[in-house]
Amino acid sequence: MNRQEIVMRHQPELTKWDLQSPFSVGNGEFAFSADITGLQSFPELYEVPLGTQSNWGWHFSYGHERFTEEDVELQMFDTHGREVGYPMKPGGKPKAYHWLRQNPHRLQLGRVSFRLLKENGEEAKLQDLRDIRQTLNLWTGVLSSEFTLQGEAVKVTTACHGEKDMIGVEVKSRLIGQGRLEAFIRFPAPDMTNNAWAKSVFPDYGNDARHETTLLESGENRALFGRTMDEDGYRAAWSWSAGRLERTGAHEFTLQPAAASDELSFSVGFAPGQPETANVEEVIATSGRRWASFWMKGAAVDFAGSSDPRAHELERRIVLSQFLCAMHSGGSIPPQETGLMYNSWFGKAHLEMHWWHASHFPLWGREELLLNSMDWYTEILPVARELASSQGYEGARWPKMVGFDGKPCPSPVAPGLIWQQPHPIALAELLYLSNQSQAMLERFRSVVYESADFMVSFAHWNEETGCFDLGPPLIPAQECHRLQDSKNPPYEVEYWKQGLETAVRWAERLGEKPNPEWVRVAGAMAPLPEKGGVYLAHERCEDTFTEKNHDHPSMLGALGLLPGTLVDRETMLNTLLKVKECWDWDSAWGWDFPMCAMAAARLNEPDLAVDFLLLDATKNTYLTNGHNYQRPGLSAYLPGNGGLLTAVAMMAAGWQGAAIRNGERDSSLPENPGFPQDGSWKIRWEGLKSWM
């Protein structure tokens, strides 16, 4: 397969402003998002911030210990005869509640911009730019931007270093020699400024007294800046080819290029300690090597020759989603839902989304990108143990909404979710299936075992039914249900069974005796609740398809994402068709569409699988830059991209019972079993791995 040809036929390009779809360059640990100038020259016009973010850059407003979990008011919920507290409401301690939700938050490290001047000396506006052409070379990760200002051409090359938190920029224009093009860096205030995350995503360029920027070193072609924010800080370094640096604000520095030249190159690096810079040629070269290596490793899919008119668009989404997930979701900690683009939900990760962000990596032969963030679970294991213990449970309970430190935070929803609990087991299993070694088993032994210990502790034995129940209290993946009402949601019940059975296999592979409670609970989970031939959102929700037909149709996950050992296939097919008929898709989320597609594939409904995967819905929109658009202010939603890749891997490479039997491809079963078999889809692929 000609991988470069497949990738490059989907190279994104802009010939006009697109204020929802900025392009980014990055390396998995650091990313820089740019407007059509190749820098961040007009950020105020964009629907979302143009971010410069890293996995290490975090801040606690007014200090690390301003509030602790003990300062939050708990709401008590009856839990099978005992009271368990959850921080769901501000109550009488709103300052602590909101501070802990917002802190730590990911930093916007700095804005790097052009200042473009018109002939009369006025600063140019976006509408003054003409002849716009911007392309992102997916094979090299290099962004090329061209435009004119009053007839003068400007050509900009922007790249991120392949290994370091650094961008390199090269500019060619007669505007430089005319003194009409300058570059500047501006550092924003670090605080979150609003309790609603949607109103706090944009950097604050006021509040100068809330932070400090110090020029630590200044040489002929280099400067080093120190940043101090309460107890936190970092440094930024800037080196350039020729020019003079001038301080133009409390937190702004401007580079005035050498007047005798029509070319300018510079690099800007960020680090918690000593940042590095490099010449632009090195930055571009390392970017090219990184991305070419990425594309040549792992899997590739080619839909050329398909007669279905949707095939080209699906291939575009696949290519761009691979690029974006590698950049934003393959780093050293679980990502936030907008990755390194900009802050959503106060810059924190949602651990129930980690599966959607990263489960596709092993299926596409890139398990090292999942492995990058999996050791983080081991690091925060003490936090997860403490959370479980504080609620009277055994093992480790994984929180939902977290910063880099893994500490749970108060929220109207987050403390009540449980479906993130089996994720580390499932993800560890994917890694083991990719590398069946003793070392892999040992590496995640504690994470798997202690996740399972909590799961058996959380499940409740029902004497009347002779089964183990989940909840109440819990909030299912379909978050519109109340904590105190929800009982036995189908996806969570099936996931509990699968997770515990996986833990048993893990122990057996290690030659150890599994916890007998894992076996006992897995073998006696409650039946999946159904009524009228369809599965319900949970046991107490009879209005699933009337009043509660919004948010995630997560009951489908019991078969779509999981093998469905408790599932009646006819009932699940009825449920899938009912969802298609009556669900409020404007309220759904980007990963719901691939989830439905996976359920349809397992039910031997490949036409329906493709229909769901490419359903015409706002939340299933993929922008020019490849990001999964959700709504104004949330134009990047990486769980949708990751879910798409997971679904495609499953639909093409198969799963146990479809194309795969006992881990081996069965030539008597159809190829690409999740796609229509009528000849309308011509699919070539290599490197994909079968579904669990």
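What follows draws every value from the coordinates through simple rules; no lab data is involved. The model shown is predicted, which means the values in this text are computed figures rather than measured ones. Methodologically, a virtual Cβ is constructed for each residue, glycine included, from the backbone with ideal geometry; neighbour enumeration extends over all protein chains shown.
What the table below lists for this structure:
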item	result
Shape of the stretch 350-397, Cα gyration tensor, a/c cut at 1.5	prolate
Length released on extending from GLN656 to THR618, taking residue separation times 0.36 nm less the Cα-Cα span	10.4 nm
Charge sum, other residues only, whose C-beta stays under 11 Å from ARG133's C-beta, Lys/Arg counted +1 and Asp/Glu -1	0
Kirkwood-based Rg to Rh ratio, the stretch 445-500, C-alpha trace	0.99
Kirkwood hydrodynamic radius of the stretch 200-254, from inverse mean 1/r over distinct Cα pairs, in Å	12.5
Directionally averaged projected area (convex hull, Cα atoms, the stretch 298-439), nm²	10.4
Of LYS95/LYS164; LYS93/LYS348; LYS400/LYS513; LYS297/LYS400; LYS89/LYS548, pairs whose Cα-Cα distance is over 28 Å	LYS95/LYS164; LYS400/LYS513; LYS297/LYS400
Förster radius 45 Å - calculated FRET efficiency between THR465 and GLN11 (Cβ-Cβ, nearest 0.05)	0.20
Semi-axis lengths (Å, descending) of the ellipsoid that matches the C-alpha gyration tensor of the stretch 550-610	17, 12, 11
Whichever aspartates and glutamates have a C-alpha closer than 15 Å to that of LYS619, once near sequence neighbours (fewer than 8 apart) are set aside	GLU337, ASP551, ASP584, ASP586, ASP592, ASP611
Rg to Rh quotient for the stretch 398-535, alpha carbon positions, Kirkwood Rh	0.99
Fewest-first sequence of GLU5, GLU367, GLU65 by Cβ atoms within 10 Å of each Cβ	GLU65, GLU5, GLU367
For the stretch 132-206 versus the stretch 1-65, the gap between their alpha-carbon centres in whole angstrom	9
Label-to-label distance, nm, for residues given as GLN4 and ARG289 (7 Å Cα→Cβ offset)	1.7
Rounded to the nearest 20 debye, dipole of the chain from Cβ charges on Lys, Arg, Asp, Glu	860
Contact order relative to length of the stretch 290-398, as percent, for alpha carbon pairs under 8 angstrom and 6 or more apart	21
Relative contact order of the chain, pairs being alpha-carbon contacts under 8 Å that are 6 or more residues apart, as %	13
FRET efficiency, SER390 to ALA153 (Cβ-Cβ, R0 41 Å, nearest 0.05)	0.05
Column: log10 I(q)/I(0), Debye, Cα scatterers of the stretch 295-334, q = 0.13 Å⁻¹	-0.35
Tensor-based shape of the stretch 575-668 (alpha-carbon gyration tensor, a/c under 1.5 rounded, otherwise prolate or oblate)	oblate
All Cα pairs of the stretch 49-138, percent lying beyond 23 Å	58
Ranked TRP655, TRP518, criterion: other C-beta atoms within 10 Å, fewest first	TRP655, TRP518
Computed lengthening from ASP128 to LYS513, 0.36 nm per intervening residue step minus Cα-Cα distance	131.5 nm
Spin-label model distance (nm) - GLN436 vs ASP678, 7 Å beyond Cα toward Cβ	3.9
Modelled FRET efficiency - R0 41 Å, SER332 with GLU217, Cβ distances, 0.05 increments	0.90
Order of HIS350, HIS460 - criterion: other Cβ atoms within 10 Å of each residue's Cβ, fewest first	HIS460, HIS350
Spacing of the two label points (7 Å from each Cα toward its C-beta) at CYS582 and THR228, in nm	6.3
Kirkwood estimate for the stretch 221-313, i.e. one over the average of 1/r between Cα atoms, Å	17.2
Total formal charge among the other residues, if their Cβ is under 13 angstrom from that of ASN462, Lys/Arg +1 and Asp/Glu -1	-3
Of every Cα-Cα pair in the chain, the percent that sits beyond 45 Å	22
Cα long-axis angle, helix 311-328 against the chain (0 to 90 degrees, to the nearest 10)	80
